[in-house]
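Quick notes on the structure that follows.
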2 protein chains.
Amino acid sequence: MSRKLQRVAIAGGTHGNEFTGIYLVKKFQRYPNLVRRPSFKTVPLLANPQAFAIQRRYAEKDLNRCFLPTELQASTSTRYEELRAQELYQTLVANPASKVDFILDLHTTTANMGLTVILVNHHPFNLRLAAYLCAANSAVRVYSAYQPGKPLGFLNSLCELGFAIEIGAIAQGTLRADLFQQAEVLIHTLLDYLDAANREVLPPVAPTLTTYQHLKTVDYPKDEHGELLGMIHPHLQDQDYQPLHPGDPLFLTFAGDAIAYTGNSTVYPIFINEAAYYEKGIALCLTERQTLEL
Amino acid sequence: MSRKLQRVAIAGGTHGNEFTGIYLVKKFQRYPNLVRRPSFKTVPLLANPQAFAIQRRYAEKDLNRCFLPTELQASTSTRYEELRAQELYQTLVANPASKVDFILDLHTTTANMGLTVILVNHHPFNLRLAAYLCAANSAVRVYSAYQPGKPLGFLNSLCELGFAIEIGAIAQGTLRADLFQQAEVLIHTLLDYLDAANREVLPPVAPTLTTYQHLKTVDYPKDEHGELLGMIHPHLQDQDYQPLHPGDPLFLTFAGDAIAYTGNSTVYPIFINEAAYYEKGIALCLTERQTLEL
């Protein structure tokens, strides 16, 4: 890292019904000492206050798809989240007085993903930080959503440094103290690392990092009207990050038939049965396990 | 029972984001043979289609609080669920051609309540049926919401016979195949019992029934603005139906302090951390374990 981090954003509530990040941010706003570090300023941020006010993922459009470069400049945007994304762009990127150098974005999922780092790029600093978090807590996994040339539109797209942390399994609109505490510990570990980076006393990390690289999404079985015909197979439910082999069951139809995975290689499913993805036509994401050199 | 059951309603989607009941009802509509019994007609019913269309608990008002006798006759009702309750009253009670004799209402909860029968009265037929279900599946529990003289406004209030089944833990807006299948088996057991009742060949049931009688609800710790100050204590999370003793922890504040249960008798909490109850100011319900003679 060529220059020191000045400001670090911790965002929660990019989705208004993901309470863990929201109440962590509110806690950090109430007790700023907790996230204060000597070498940078920490900015806790409620990303989508309108969605939180109505206790839903979003008011008009998923905010975490609104950060595409073309949309951030568009003068034709009218929806709440499009305008909010532009506002966050102004605050976190364009305005020198409030610009941040690192964004941590806190999310939750109904899938059994534990604590997952979600990379939107493979910047060496992010990879080493992810490796450090994995070493600090062996339950941490790293999912890479990065696909060269394909913009994602995530809040994290605003900043080269940083990533999201996905916390689960937890129902939307609820808090679980165990996951709240695990996430909080991880955030402190992360802030300490950033502070060590600024002071150029970075701890060593492992030479490699295991990542789960995004391959594709799989939709539920549906009829010709788009009506759901089945659900995640009981053998697959909660088995995020476990190997899925060709022939293993993916779905159980309401008629009682199993539908198998027909790919020809072993993959690692994640976001299995995420509530917010029913409307997106995503029953699960398939990933490939990779080892990256650091 | 003095007269035979003619029509039995199976309602799902009284809350539009509780998918298990909704897709069980859709399955029964698609495959009516599954719920056909020789001695009565089974009517699968999507109770709140508008709420399901928007994938929310309700459109304007919780439908399952709209069945108070005074509201069913009110000519001043304007909200969707108030009108829908009146429509369901006409269909299920007032119209002799569609009137039902028994209502099973299917719900889900984010609390770890397994399969819970929710009684709105202590009609001997309902108690014996509940006892039969407990014998058929030892995981079934019976919660009595019945408080003499206090109308509840539940869909089940429309009919003396019948009750709700609460299924959990499951996130809103998702299906879990294991719970879907357990609920389906229980419904078949129930329909078989109703058919046996009509044929006067009822199987014997145990002489007593263990119920969890509603005592009161407990709200989260909040500040003077109604802002949440804590969450369910990790020791209590998922411990529905387990004894809570005076002094046991109820909550963990965001500041890290435990808040204990200060009652003076052992109680049995349920609906612990139900997502839909955050807005109702309910963190959990306290119940008393009772043994009813049948």
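The values are calculated or read from the model by the stated rules, or taken from the named source; none is laboratory data. Since this is a predicted model, take the numbers as computed values, not measurements. Counting neighbours? That spans all protein chains shown, and the Cβs are built from the backbone with ideal geometry, glycine included. Ligands, DNA and RNA are excluded from the accessible area calculation, which covers all protein heavy atoms including side chains. Shrake-Rupley method; radii C 1.70, N 1.55, O 1.52, S 1.80 Å.
Tabulated results
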{"item": "In degrees, nearest ten, helix B:80-89 long axis to first principal axis of chain B (Cα)", "result": "40"}
{"item": "Debye-sum result for the range B:161-294 in log10 I(q)/I(0), which assumes one identical scatterer on each alpha carbon, at q = 0.15, 0.16 Å⁻¹", "result": "-0.89, -0.97"}
{"item": "The range A:131-222 - convex hull of alpha carbons, volume per residue in Å³", "result": "167"}
{"item": "For A:E160, label point 7 Å along C-beta direction: distances to other copies, nm", "result": "7.7"}
{"item": "Tail weight of P(r) past 21 Å, computed on alpha-carbon pairs of the range B:1-131, percent", "result": "46"}
{"item": "From phi via Karplus (6.51, -1.76, 1.60), per-residue ³J(HN,Hα) for the range B:118-133 in Hz, x at Gly/Pro", "result": "10, 7, 10, 7, 10, 4, x, 5, 5, 5, 5, 4, 4, 4, 5, 5"}
{"item": "Fraction of accessible area attributable to carbon and sulfur, chain B (%, probe 1.4 Å)", "result": "50"}
{"item": "Rounded to the nearest 10 Å², the accessible area of A:K27 at probe 1.4 Å", "result": "20"}
{"item": "16 Å Cα-Cα reach of B:K216 towards lysines, excluding residues that sit fewer than 8 places from it in its own chain", "result": "B:K150, B:K280"}
{"item": "Overall Cα dimensions of the protein assembly as shown - principal axes, largest extent first, Å", "result": "85, 57, 45"}
{"item": "The range A:6-53 - Rg over Rh from alpha carbon coordinates, Kirkwood radius", "result": "1.01"}
{"item": "Three semi-axes of the equivalent ellipsoid, the range B:241-294, Cα gyration tensor, whole Å, largest first", "result": "23, 16, 7"}
{"item": "Under the Debye formula (equal points on every Cα, no solvent term), log10 I(q)/I(0) of the range A:169-243 at q = 0.17 Å⁻¹", "result": "-1.03"}
{"item": "Computed lengthening from B:D192 to B:L68, 0.36 nm per intervening residue step minus Cα-Cα distance", "result": "41.6 nm"}
{"item": "Efficiency of FRET between A:H225 and A:K280 - r from beta-carbon atoms, R0 22 angstrom, step 0.05", "result": "0.80"}
{"item": "Principal axes of the range A:49-188: Cα extent on each, largest first, Å", "result": "45, 36, 30"}
{"item": "Cα-projected label distance for A:A53 with B:I54, points at 7 Å along beta-carbon direction, nm", "result": "1.7"}
{"item": "Note, ³J(HN,Hα) from phi for the range B:29-34, Karplus 6.51, -1.76, 1.60, rounded to Hz, x at Gly and Pro", "result": "6, 6, 10, x, 4, 4"}
{"item": "Pairs of Cα atoms farther than 22 Å apart, the range A:23-99, %", "result": "35"}
{"item": "Neighbouring partner chain Cβ atoms per residue of A:63-74, average, 10 Å criterion", "result": "0"}
{"item": "Degrees, to the nearest 10: A:177-198 long Cα axis against longest axis of chain A", "result": "50"}
{"item": "Contact surface B-A: accessible area buried, both sides summed, square angstrom, 1.4 angstrom probe", "result": "2800"}
{"item": "Chain B - Rg over Rh from alpha carbon coordinates, Kirkwood radius", "result": "0.97"}
{"item": "Solvent-accessible area per residue for the range A:161-294 (1.4 angstrom probe, square angstrom)", "result": "40"}
{"item": "Within the range A:1-42: backbone nitrogen closer than 13 Å to the B:A255 label point (7 Å, Cα to C-beta)", "result": "A:30-31"}
{"item": "Sum of -39500 (n - 2.57) over DSSP H runs of 4+, divided by residues of the protein assembly as shown (222 nm, nearest 500)", "result": "-7000 deg cm²/dmol"}
{"item": "Shortest-first nm distances, B:A94 label point to equivalent points in other copies (7 Å, Cα→Cβ)", "result": "5.7"}
{"item": "Whole-angstrom Cα spans of the range A:82-165 along principal axes, big to small", "result": "38, 27, 25"}
{"item": "Relative contact order for chain A, counting Cα pairs under 8 Å that sit 6 or more residues apart, in percent", "result": "18"}
{"item": "Nearest-first distances (nm) between copies at B:G226, label 7 Å from Cα via Cβ", "result": "3.5"}
{"item": "Accessible area (Å², 1.4 Å probe, nearest 10) - A:V100", "result": "10"}
{"item": "Sites B:V185 and A:S75 - FRET efficiency at Förster radius 56 Å, r taken between beta-carbons, to 0.05", "result": "0.45"}
{"item": "Distance (nanometres) between label positions extended 7 Å along Cα→Cβ at B:D178 and A:V201", "result": "4.7"}
{"item": "Calculated FRET efficiency for the pair A:R7/A:L34, C-beta based, R₀ 25 Å, to 0.05", "result": "0.90"}
